[in-house]
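Below: the structure, in structure tokens.
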Amino acid sequence: MTGKSMPRTIAELFGENPPSNWGKWGPDDEVGSLNYLTAAQVFRGAASIRTGEVFTLQVQIGKEGSPDPVWPNRTSAVRTPKMDEGYFLRGEAFEPIGGHHYADDKIDMFLQGSTQYDALGHLWYDGKIWNGYDASTTIGSLKKASVLPIAERGVVGRGVLIDMARFRGKKWLDMAETFTHQDLMAAAEAQGCQIAKRDILLIRTGWMARFYEVSVEEFYADWNEPGLVYSRELVEWFQETEIPNLVTDTIANEQSQDPETGIGMRLHCALMRNLGIAMTEVCWLDDLADACAGDGHWTFLYAAAPLKVVGASGSPVNPIVVR
Ligand code: UVW
């Protein structure tokens, strides 16, 4: 950045009048760009079904031999069996009339500790969350733009998968490797498809496969995920293309921080906080990508609904694709 002083904050980076959708859907809106997913988009998604194959995009919680893929300051889920045959064998369970036995589980987890939807109020800067609500509305629980309105609404539309790892001829992208909206369009062209207005945008980097293949130490060393990188033009493209939902196989959907300035979460601020674009993270996209590459059909029906957790900053989800 020669001749220009380096920005120190998100606000300085974004400059005057950053692209914004605040107020577009009224002063009480809590689902943002998901408003673009009208009935017409549901029919468009359904019209893109070709084979009837069904894919589920959630990673396993408690996968054998692996921790859960989480953001560095989060921890894996802990599932505790609270009832099973052992309780009956040890005489610790009340014997129900008729002789049936049963199993019960309890789970202690970060709500954003697996494949998940971020609430629009999950992340902010300058004291305001999505739609201009005050950041103090997040204290104790999100009174505005929690994950609940997304869960109540559900997310259904046409999805398009862009396989950046395959496009770049790699098993997975490198640490901190970036790509732009121009790269997405070039990859789409190479795949023989288009990113159309109001498409739910899925991007594969191969990063989730890397999580399961390398050691935990290697995965988290020099942490900076690959992903989309901030530019004003990229944000304008997202706004003009009316992308309702960004879905990736990384833990936080974007290059984690700018190696030069250290500023992190630029696209959470620009796309989620300012444009109201829903973010879905930690998805397993490899099987879907193989199927799409197999027959050259990269669009499908995408459907998802996070859990209805009142006031929550996010929630686990198992999105479904029908292609
Ligand atoms: C952070 O909040 C850091 O990430 P995520 O969007 O994955 O929850």
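The values are calculated or read from the model by the stated rules, or taken from the named source; none is laboratory data. Small disclaimer: the values here were computed from a predicted structure and weren't measured. Positions of Cβ are generated from backbone atoms using ideal geometry, with glycine treated the same way; all protein chains shown enter the neighbour counts. Only protein heavy atoms, including side chains, enter the accessible area calculation; ligands, DNA and RNA are left aside. Shrake-Rupley method; radii C 1.70, N 1.55, O 1.52, S 1.80 Å.
Only one of the numbered conditions (1) open to solvent by 10 Å² or more (accessible area, probe 1.4 Å); (2) assigned to a loop (DSSP other than H, G, I, E, B); (3) under 18 Å from ARG198 (Cβ atoms); (4) among the small types (Gly, Ala, Ser) is violated by ALA303, and that is (2). Would a scan of region 165-188 turn up a residue that is acidic (Asp, Glu), under 22 Å from VAL322 (Cβ atoms) and in contact with a Phe, Trp or Tyr (Cβ under 9 Å, 6 or more places away or on another chain)? No: zero hits. Looking only at residues that are assigned to a loop (DSSP other than H, G, I, E, B) and open to solvent by 30 Å² or more (accessible area, probe 1.4 Å) in region 101-122, which one is nearest to the ligand (Cβ to nearest atom)? The qualifying residue nearest to the ligand (Cβ to nearest atom) is HIS122.
For first residues located in region 26-43 and farther than 28 Å from ASP134 by Cα, partners that are of a type in the set (D, E, K, R) and lie 6+ apart or on another chain with Cβ distances below 7 Å form the pairs GLN41/ARG158; GLN41/ARG198. Annotation: ALA40 fulfils all but one of (1) open to solvent by 50 Å² or more (accessible area, probe 1.4 Å); (2) within 16 Å of the ligand (Cβ to nearest atom); (3) aliphatic (A, V, I, L, M); the unmet one is (2). Residues of region 9-25 that are under 18 Å from ALA119 (Cα atoms) and either open to solvent by less than 50 Å² (accessible area, probe 1.4 Å) or not assigned by TED's automatic domain parsing to the domain that holds ASP199 (or both): ASN21, GLY23.
Scoring PHE94 on the criteria (1) open to solvent by less than 90 Å² (accessible area, probe 1.4 Å); (2) farther than 28 Å from ALA270 by Cα leaves a single failure, condition (1).
Residue under question is ALA165, and the condition is that it be more than 28 Å from LYS24 (Cα to Cα), over 18 Å from the mean Cα position of the chain (by Cα) and of a type in the set (A, V, I, L, M); does it hold? Considered against the rule, which asks whether it is more than 28 Å from LYS24 (Cα to Cα), over 18 Å from the mean Cα position of the chain (by Cα) and of a type in the set (A, V, I, L, M), ALA165 comes out as no. Right, ARG210: out of contact with any His (no Cβ under 9 Å at 6 or more places or on another chain) and within 21 Å of ALA293 (Cβ to Cβ) or not? Here the answer is yes, as ARG210 does meet what is asked. Pairing each residue of region 45-71 that is more than 26 Å from ASP199 (Cβ to Cβ) with any residue that is more than 16 Å from the ligand (Cβ to nearest atom), provided the two are 6+ apart or on different chains, yields C-beta distances under 8 Å for ILE61/ARG79; ILE61/ILE107; GLY62/ARG79; LYS63/TYR212; SER66/TYR212; PRO67/VAL216; ASP68/GLY62. Scanning region 246-267 for residues that are within 27 Å of ASP287 (Cα to Cα), within 11 Å of the ligand (Cβ to nearest atom) and outside any loop (DSSP other than H, G, I, E, B) turns up LEU246, THR248, LEU267.
Selection within region 123-135: residues that are more than 16 Å from the ligand (Cβ to nearest atom) and open to solvent by 50 Å² or more (accessible area, probe 1.4 Å). The member of this set that is nearest to CYS283 (Cα to Cα) is LYS128.
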